[in-house]
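Taken together, the values in this text are just the output of simple stated rules run on the coordinates, not laboratory data. Since this is a predicted model, take the numbers as computed values, not measurements. Cβ placement follows ideal geometry from the backbone for every residue including glycine, while neighbour counts extend to all protein chains displayed.
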């Protein structure tokens, strides 16, 4: 049985614990991310890169590369940051606010003491 190993700079097909084929990848943003991660957290860099590469099937290579470039500009690279940027890139505009004639009977008030009072009361359990 063959398996595919994805790395930032290459793709390898492994069969029976031997590399059957390999293909070099020239994706500059991913190489920069890998270098930045290795400087920051040597032990976890490969895991973070694997998480970033796992985002490619869901979001597409081009979107991941754009997100990686934006994350590298921020100076704090992480897989979570890349995923967050991807979500923001996909985010659609909020719908326009709808005017309504409805009015609140009671305006909300800022009352932190109410929380304290409610917190001290014992709640009835079902």
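Odds and ends about this structure:
Yes/no matrix, rows are residues, columns are (1) touching a strand residue (DSSP E or B) at 6+ places or on another chain (Cβ under 9 Å); (2) surrounded by fewer than 12 Cβ atoms within 10 Å (Cβ to Cβ); (3) without any contact (Cβ under 8 Å) to a residue 12 or more places away in the chain; (4) under 20 Å from residue 86 (Cα atoms):
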| position | (1), (2), (3), (4) |
| --- | --- |
| 10 | yes, no, no, no |
| 24 | yes, yes, no, no |
| 35 | no, no, yes, no |
| 38 | no, no, yes, no |
| 41 | no, no, yes, no |
| 51 | no, no, no, yes |
| 56 | yes, no, yes, yes |
| 63 | no, no, no, yes |
| 68 | no, no, no, yes |
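- Inspection of region 69-80 finds no residue satisfying the criterion of being closer than 11 Å to residue 30 by Cα, out of contact with any helix residue (DSSP H, G or I) (no Cβ under 7 Å at 6 or more places or on another chain) and in a helix (DSSP H, G or I).
- Tally, over region 11-20, of residues that are in a strand (DSSP E or B) and farther than 21 Å from residue 56 by Cα: 4
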